[in-house]
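The values are calculated or read from the model by the stated rules, or taken from the named source; none is laboratory data. Keep in mind it's a predicted model, so treat the numbers as computed, not measured. Using ideal geometry, Cβ is built from the backbone for each residue, glycine included, and neighbour counts are taken over all protein chains shown.
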Amino acid sequence: MMIFNELRKHGRLASKRHPMYEKNKVAKILGYVMGAFWAGYLIFFGTTFAFGFSDMVPNREPYHVMNAVVLIFILALDFLLRVPFQKDTDAGGKTLPPAAG
(Lines give C-alpha, C1' and ligand atoms only; values in the text may rest on other atoms or scores of the structure.)
Protein backbone atom coordinates (compact mmCIF):
# COMPACT_ATOMS: atom_id res chain seq x y z
CA MET A 1 0.00 0.00 0.00
CA MET A 2 2.89 2.33 0.69
CA ILE A 3 4.04 2.15 -2.91
CA PHE A 4 0.75 3.62 -4.17
CA ASN A 5 1.06 6.56 -1.77
CA GLU A 6 4.64 7.10 -2.91
CA LEU A 7 3.62 6.97 -6.58
CA ARG A 8 0.81 9.44 -5.97
CA LYS A 9 3.19 11.80 -4.18
CA HIS A 10 5.67 11.64 -7.06
CA GLY A 11 2.86 12.22 -9.57
CA ARG A 12 1.81 15.38 -7.73
CA LEU A 13 5.39 16.61 -7.59
CA ALA A 14 5.84 15.94 -11.31
CA SER A 15 2.71 17.89 -12.16
CA LYS A 16 3.88 20.82 -9.99
CA ARG A 17 7.20 20.89 -11.86
CA HIS A 18 5.45 21.12 -15.22
CA PRO A 19 5.70 24.60 -16.82
CA MET A 20 1.95 24.71 -17.49
CA TYR A 21 1.00 23.90 -13.88
CA GLU A 22 -0.28 27.37 -13.00
CA LYS A 23 -2.30 27.70 -16.20
CA ASN A 24 -3.75 24.22 -15.69
CA LYS A 25 -4.78 25.24 -12.17
CA VAL A 26 -6.52 28.36 -13.48
CA ALA A 27 -8.25 26.36 -16.21
CA LYS A 28 -9.51 23.86 -13.62
CA ILE A 29 -10.92 26.62 -11.44
CA LEU A 30 -12.48 28.32 -14.45
CA GLY A 31 -14.02 24.99 -15.49
CA TYR A 32 -15.60 24.56 -12.05
CA VAL A 33 -16.92 28.14 -12.11
CA MET A 34 -18.41 27.68 -15.57
CA GLY A 35 -19.96 24.34 -14.52
CA ALA A 36 -21.58 26.02 -11.52
CA PHE A 37 -22.79 28.85 -13.77
CA TRP A 38 -24.30 26.32 -16.19
CA ALA A 39 -26.09 24.51 -13.36
CA GLY A 40 -27.42 27.82 -11.99
CA TYR A 41 -28.53 28.81 -15.48
CA LEU A 42 -30.52 25.59 -15.91
CA ILE A 43 -32.07 25.88 -12.45
CA PHE A 44 -33.01 29.52 -13.07
CA PHE A 45 -34.71 28.84 -16.39
CA GLY A 46 -36.39 25.70 -15.07
CA THR A 47 -38.00 27.55 -12.18
CA THR A 48 -38.82 30.58 -14.33
CA PHE A 49 -40.59 28.46 -16.94
CA ALA A 50 -42.39 26.44 -14.25
CA PHE A 51 -43.79 29.51 -12.52
CA GLY A 52 -44.61 31.21 -15.82
CA PHE A 53 -46.45 28.23 -17.27
CA SER A 54 -48.34 27.55 -14.05
CA ASP A 55 -49.82 31.07 -14.27
CA MET A 56 -50.55 30.83 -18.01
CA VAL A 57 -52.16 27.38 -17.94
CA PRO A 58 -53.34 26.67 -14.39
CA ASN A 59 -55.03 23.31 -15.09
CA ARG A 60 -51.90 21.62 -16.59
CA GLU A 61 -48.49 20.79 -15.20
CA PRO A 62 -45.70 23.11 -16.45
CA TYR A 63 -43.68 20.26 -17.96
CA HIS A 64 -46.73 19.17 -20.00
CA VAL A 65 -46.97 22.67 -21.45
CA MET A 66 -43.24 22.68 -22.16
CA ASN A 67 -43.28 19.28 -23.87
CA ALA A 68 -46.52 19.78 -25.78
CA VAL A 69 -46.30 23.38 -26.98
CA VAL A 70 -43.14 25.32 -26.30
CA LEU A 71 -40.53 22.67 -27.12
CA ILE A 72 -41.65 22.47 -30.76
CA PHE A 73 -41.07 26.19 -31.23
CA ILE A 74 -37.73 26.15 -29.41
CA LEU A 75 -36.47 23.31 -31.60
CA ALA A 76 -37.72 25.01 -34.79
CA LEU A 77 -36.06 28.28 -33.77
CA ASP A 78 -32.83 26.45 -32.95
CA PHE A 79 -32.89 24.75 -36.36
CA LEU A 80 -33.54 28.00 -38.21
CA LEU A 81 -30.73 29.76 -36.37
CA ARG A 82 -28.15 26.99 -36.89
CA VAL A 83 -28.70 26.12 -40.56
CA PRO A 84 -27.54 29.41 -42.14
CA PHE A 85 -24.27 29.36 -40.18
CA GLN A 86 -23.15 25.83 -41.09
CA LYS A 87 -20.05 25.41 -43.20
CA ASP A 88 -19.91 23.01 -46.12
CA THR A 89 -17.09 20.60 -45.26
CA ASP A 90 -17.71 18.10 -48.05
CA ALA A 91 -15.01 18.25 -50.72
CA GLY A 92 -16.75 15.81 -53.04
CA GLY A 93 -14.29 13.01 -52.34
CA LYS A 94 -11.25 15.17 -53.05
CA THR A 95 -8.58 16.07 -50.56
CA LEU A 96 -8.57 19.67 -49.50
CA PRO A 97 -5.45 21.78 -50.07
CA PRO A 98 -3.50 22.71 -46.94
CA ALA A 99 -4.54 25.91 -45.27
CA ALA A 100 -2.39 28.92 -46.00
CA GLY A 101 -0.79 30.29 -42.93
| message | Can you find a residue that is surrounded by fewer than 10 Cβ atoms within 10 Å (Cβ to Cβ), in a helix (DSSP H, G or I) and not β-branched (Val, Ile, Thr) anywhere in region 45-53? | response | no
| query | Could we say that Tyr41 is in contact with a helix residue (DSSP H, G or I) (Cβ under 9 Å, 6 or more places away or on another chain) and surrounded by 10 or more Cβ atoms within 10 Å (Cβ to Cβ) here? | reply | no
| message | Quick check on region 68-79. Is at least one of its residues among the aromatic types (Phe, Trp, Tyr), under 19 Å from the mean Cα position of the chain (by Cα), surrounded by 10 or more Cβ atoms within 10 Å (Cβ to Cβ) and modelled with pLDDT of 90 or more? | response | no
